[in-house]
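Before any comments, here is the structure.
The values are calculated or read from the model by the stated rules, or taken from the named source; none is laboratory data. This one's a predicted model, so the numbers in the text were calculated from it and none came from an experiment. As a convention, Cβ positions derive from the backbone with ideal geometry for all residues, glycine included, and neighbour counts pool all protein chains shown. With ligands, DNA and RNA removed, areas are computed over all heavy atoms of the protein, side chains included. Shrake-Rupley method; radii C 1.70, N 1.55, O 1.52, S 1.80 Å.
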Amino acid sequence: MGAAGGGLPFPRYFPTRAARSSAPPPGPPCHPVPHDGARSPAPVTTAPAPRPRRTLLRAALIPAALAASLVLVPLPVANAATPATPAPTEAGPLRIHDIKGNTRTSPQIGKAVTGVPGIVTGLRAYGSSKGFWMQDPNPDADPATGEGIFVYTGGNPTVKVGDSVLVSAKVTRYYPNFAGGSQSITELSTPGITVLSAGNPLPAPVVVDTRNIPGRYAPPAGPDGSIESVVLNPEKYTLDFYASLEGMLVQVNDVRVVQATDKYNELWVAADKQDQRSKRGGLLYESYKEPNVGRLMVQQQAPVNQQPFPVANVGDELTGATTGPLDYNQFGGYTLVAGTMGALKDNHLQREVTPQATDRELTLATYNVENLAPTNPDAKFAELAQGIVTNLRSPDIVALEEIQDNNGNKNDGTVDASQTVAKFIAAIKAAGGPAYDWRSVDPQDGKDGGEPGGNIRQVFLFNPQRVSFTDIPGGDATTAVGVAGTGANTALTASPGRIEPNDEAWTNSRKPLVGQFSFRGKKVFVIANHFNSKGGDQGIDSRFQQPTRSSEVQRIKQATVEQGFVAQLLAADKTAKVVSLGDFNDYQFSPALAALTKDGVLRDLVNELPETEQYSYVYQGNSQVLDHILVSPEVGYAKYDVVHINAEFAKQASDHDPQVVRIKP
């Protein structure tokens, strides 16, 4: 599994989203219900870019007739021990734009405010972040001061959309993921609410599209490396534009889906039609310097048992208007929480099938099967097997990543995975595939990272009717494989074996599995990889700019170790045929892949695809490369294909797309 943008801000094993199960999503592997952690005071600002100029109206003047008919609405609070602020009886001196200010840090943070007026524009009555959004219908003239705000009630809100309200509360700042570098949200907490009237028209939403989304993504940081205290420039920087709109009603029209609906009932759309489109309708992530600016997550306010959420694939469209408050959450950044959802238009995306190989072509594939264990449903085995047989056309050699031990995530010291592999091989045969044989090396218990107790590892499947495996004893979890002999006699000292398993580069991470194969009398060395995840990296929408990619340090070390091993093989035999493949958890333009291909010992085949086809994984609306197949210089003939059968679809057997290459050793 992987990441997006400045890096994957969260590891695969992320905080539970159980709170979201009953309704819409909020939120990587990643995706909040915001408020599942400690709340801390300090704000984010909101202010739109090119949008209608606002009329300056600071003092809250409520007509006497309305004031005389105030309806007091007691609301539940987050902590029963903390009484809600008394409901106001008149408007106070501050408006929402006064509270928001013109930076991401509210000038009123930690203070009590009274009688703040607004129109209720949306409700969140699910998860642990219950409350409502309200917006001032009388904005000021400054696009850097927001007019919308979330009122955190801690319980189901009893106000209704369209209510005109006064709110007295404490101004707080909430970080959905403080340690992960998230931006913050300015909120009103422990509120006292007075309803003035019902059924009021809502403020006109800001239409977000190519015309007003800035082309530059992030503003320069302040001296502390953070953008929190930097004055918003919403006409110049994307993150400032979205920050200025946080809490306000926004609208997107006729937008393309760029990440499929997930199990939390959320999807991603492209609001800016100028972002780089993939061949099949997604958004390509091509460099750290130029993130796609128009990506927005879409959730809905209504529980799914009341209003089904659209089940969309990449390339589908939400036609018409999708409208709701703009939120920010720990798993996806800026999010449109729809009160009105556009209609789904099916683009009829099809799963790909790779071209048929000739008899003289050796086919090798890589497939991350996402924590496959015997405890998984039979349907998962069947779907993965169908992908191997039908979509990949039963490759001669398959490198699998994330094969768990025989009892899955039960943490009892089990490391053997023979039952897992046997069940998968049986599923492949049942799907019409060959009777694969297999090789692997069991890891030490708890030493290779991944889900606790799962002991994930790489496994070679191979079709013994097409290719033979050269068994050389001596390989185990802690013994480093070496190179013996020279020229045509070059061989591994152990097959299967592991590359430098005791090197600190592989601490708490999967060690590369290497095996020696023979095809039509020709020797082929194959390395199955699963580099460390992007867990701990700051997201591209982080308050820190540029975001820190801390996990990259270890992947560079891993790439350097493996590059050295391949160089050793090529020093022994410059004509050696080497194929290195798997889930490298990094991009084709990353320093880790540069380290792996140093001195030309390997070439990354993804760079030989048309640019619009260079992706194997979709994260936060970005179609990106995490999986790779690389070959040594003597492998000149290499027909490479990323087979898109998972990452772009709402129904997935895995979160990764498999890859296959046809070579002639």
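Is it the case, given these coordinates, that S580 is polar (S, T, N, Q), modelled with pLDDT of 95 or more and assigned to a strand (DSSP E or B)? Please lay out each step first, then the result.
Values: polar (S, T, N, Q): yes; modelled with pLDDT of 95 or more: yes; assigned to a strand (DSSP E or B): yes.
Judged against the criteria, S580 is a match.
For region 227-242, which positions are open to solvent by less than 30 Å² (accessible area, probe 1.4 Å) and closer than 19 Å to E290 by Cα?
I227, P234, Y237, T238, L239, D240, F241, Y242
Suppose we keep only residues that are among the polar types (S, T, N, Q) and under 21 Å from K664 (Cα atoms) within region 573-589. Which one would you say is surrounded by the most Cβ atoms within 10 Å (Cβ to Cβ)?
S580
If you go through region 103-125 one residue at a time, do you hit one that is out of contact with any Leu (no Cβ under 9 Å at 6 or more places or on another chain), under 15 Å from A302 (Cα atoms) and either open to solvent by less than 20 Å² (accessible area, probe 1.4 Å) or modelled with pLDDT of 95 or more (or both)?
yes
Across region 550-572, what is the total count of residues that are open to solvent by 40 Å² or more (accessible area, probe 1.4 Å) and over 25 Å from G600 (Cβ atoms)?
1
Could you check region 495-509 and list, in sequence order, the residues that are part of a loop (DSSP other than H, G, I, E, B) and on the phi < 0 side of the Ramachandran plot? Show your work before the answer.
The initial filter retains those residues of region 495-509 that are part of a loop (DSSP other than H, G, I, E, B), namely 496, 499-503, 507-509.
Scanning region 495-509 gives P496, I499, P501, N502, D503, T507, S509.
Please go through region 279-334 and pick out each residue that is assigned to a loop (DSSP other than H, G, I, E, B) and among the small types (G, A, S).
Correct list: G281, G282, S287, G294, A302, A312, G315, G332.
Sort out which residues of region 608-634 are within 18 Å of V314 (Cα to Cα), among the aliphatic types (A, V, I, L, M) and open to solvent by 10 Å² or more (accessible area, probe 1.4 Å), and write them in order of number.
Hit for region 608-634 is V618, nothing else.
Does A343 qualify as being within 30 Å of A218 (Cβ to Cβ), open to solvent by 30 Å² or more (accessible area, probe 1.4 Å) and either in contact with a Pro (Cβ under 9 Å, 6 or more places away or on another chain) or among the aromatic types (F, W, Y) (or both)? Write out each step before concluding.
On the way: within 30 Å of A218 (Cβ to Cβ): no; open to solvent by 30 Å² or more (accessible area, probe 1.4 Å): yes; either in contact with a Pro (Cβ under 9 Å, 6 or more places away or on another chain) or among the aromatic types (F, W, Y) (or both): yes.
Considered against the rule, which asks whether it is within 30 Å of A218 (Cβ to Cβ), open to solvent by 30 Å² or more (accessible area, probe 1.4 Å) and either in contact with a Pro (Cβ under 9 Å, 6 or more places away or on another chain) or among the aromatic types (F, W, Y) (or both), A343 comes out as no.
So which pairs qualify, if the first residue must be in region 542-554 and farther than 19 Å from Y237 by Cβ, the second must be buried (at least 19 other Cβ atoms within 10 Å of the Cβ) and aliphatic (A, V, I, L, M), the Cβ gap must be under 8 Å, and the two must be at least 6 apart or on different chains?
As it stands, the answer is S551/L8; E552/A592; Q554/A505, since those pairs meet every condition given.
Assess whether F469 counts as being over 30 Å from F178 (Cα atoms) and of a type in the set (F, W, Y).
Against the criterion (over 30 Å from F178 (Cα atoms) and of a type in the set (F, W, Y)), F469 qualifies.
Kindly indicate the residue of region 496-539 that is touching a Pro at 6+ places or on another chain (Cβ under 6 Å) and open to solvent by 10 Å² or more (accessible area, probe 1.4 Å) and also farthest from A592 (Cα to Cα) among those meeting that condition.
For region 496-539, the residue satisfying everything is K522.
Are any residues in region 358-386 touching a Ser or Thr at 6+ places or on another chain (Cβ under 8 Å) and either farther than 17 Å from I629 by Cα or of a type in the set (F, W, Y) (or both), and if so, which ones?
Y367, E370, L372, A373, P374, L384
Any residue in region 304-316 that's more than 9 Å from E648 (Cα to Cα): show its pairings with residues that are open to solvent by less than 100 Å² (accessible area, probe 1.4 Å) and of a type in the set (D, E, K, R) at Cβ separation under 6 Å, as long as the two are six or more apart or on different chains.
Sorted first by the residue in region 304-316, then by its partner, the pairs are D316/D346.
Under the condition of being assigned to a helix (DSSP H, G or I) and of a type in the set (D, E, K, R), which residue from region 590-607 is surrounded by the most Cβ atoms within 10 Å (Cβ to Cβ)?
K598
So which of A427, A379, A365 ends up being open to solvent by 10 Å² or more (accessible area, probe 1.4 Å) and under 26 Å from the mean Cα position of the chain (by Cα)?
On the way: A427 fails: under 26 Å from the mean Cα position of the chain (by Cα); A365 fails: open to solvent by 10 Å² or more (accessible area, probe 1.4 Å).
That would be A379, the only listed residue that is open to solvent by 10 Å² or more (accessible area, probe 1.4 Å) and under 26 Å from the mean Cα position of the chain (by Cα).
Please find, within region 588-635, the residue that is nearest to Q299 (Cα to Cα) out of those that are out of contact with any strand residue (DSSP E or B) (no Cβ under 9 Å at 6 or more places or on another chain) and of a type in the set (G, A, S).
Residue satisfying both the conditions and the ranking: S590.
Can Q458 be described as closer than 28 Å to D359 by Cβ, buried (at least 17 other Cβ atoms within 10 Å of the Cβ) and not aliphatic (A, V, I, L, M)?
yes
At pLDDT 95 or above and farther than 30 Å from D359 by Cβ: which single residue out of Q546, Q554 fits that description?
Only one candidate passes the filter, namely Q554.
Results for (1) open to solvent by 10 Å² or more (accessible area, probe 1.4 Å); (2) in a loop (DSSP other than H, G, I, E, B); (3) within 30 Å of S551 (Cβ to Cβ), shown as yes or no for each residue.
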position: G127; (1), (2), (3): yes, yes, yes
position: A141; (1), (2), (3): yes, yes, no
position: G162; (1), (2), (3): no, yes, no
position: V165; (1), (2), (3): no, no, no
position: F178; (1), (2), (3): yes, yes, yes
position: L188; (1), (2), (3): no, no, no
position: I193; (1), (2), (3): no, no, no
position: P220; (1), (2), (3): yes, yes, yes
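Provide a single number: the residues in region 247-279 that are among the charged types (D, E, K, R), over 21 Å from A343 (Cβ atoms) and in contact with an Asp or Glu (Cβ under 6 Å, 6 or more places away or on another chain).
Residues flagged as among the charged types (D, E, K, R), over 21 Å from A343 (Cβ atoms) and in contact with an Asp or Glu (Cβ under 6 Å, 6 or more places away or on another chain) within region 247-279 amount to 1.
Conditions tested, residue by residue: (1) surrounded by fewer than 19 Cβ atoms within 10 Å (Cβ to Cβ); (2) closer than 27 Å to L362 by Cβ; (3) polar (S, T, N, Q).
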residue: K423; (1), (2), (3): yes, yes, no
residue: P434; (1), (2), (3): no, yes, no
residue: Q444; (1), (2), (3): yes, no, yes
residue: K447; (1), (2), (3): yes, no, no
residue: G454; (1), (2), (3): no, no, no
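May I ask you to verify whether Y237 is out of contact with any Asp or Glu (no Cβ under 9 Å at 6 or more places or on another chain) and among the aromatic types (F, W, Y)?
yes
How many of the residues making up region 641-663 are in a strand (DSSP E or B) and either among the hydrophobic types (A, V, I, L, M, F, W, C) or open to solvent by 30 Å² or more (accessible area, probe 1.4 Å) (or both)?
Just the residues of region 641-663 that are in a strand (DSSP E or B), to begin with: 641-642, 659-663.
When the remaining residues are screened for being either among the hydrophobic types (A, V, I, L, M, F, W, C) or open to solvent by 30 Å² or more (accessible area, probe 1.4 Å) (or both), the result is 641-642, 660-663.
Final tally of qualifying residues: 6.
Could you grab me the full set of residues in region 469-494 that are surrounded by 14 or more Cβ atoms within 10 Å (Cβ to Cβ) and in a strand (DSSP E or B)?
Selection gives F469, I472, A480, V483, A491, L492.
From I213, I149, which residue is in contact with a Ser or Thr (Cβ under 8 Å, 6 or more places away or on another chain), open to solvent by less than 30 Å² (accessible area, probe 1.4 Å), closer than 23 Å to H97 by Cβ and not in a loop (DSSP other than H, G, I, E, B)?
Result: I149 is the single residue among I213, I149 that is in contact with a Ser or Thr (Cβ under 8 Å, 6 or more places away or on another chain), open to solvent by less than 30 Å² (accessible area, probe 1.4 Å), closer than 23 Å to H97 by Cβ and not in a loop (DSSP other than H, G, I, E, B).
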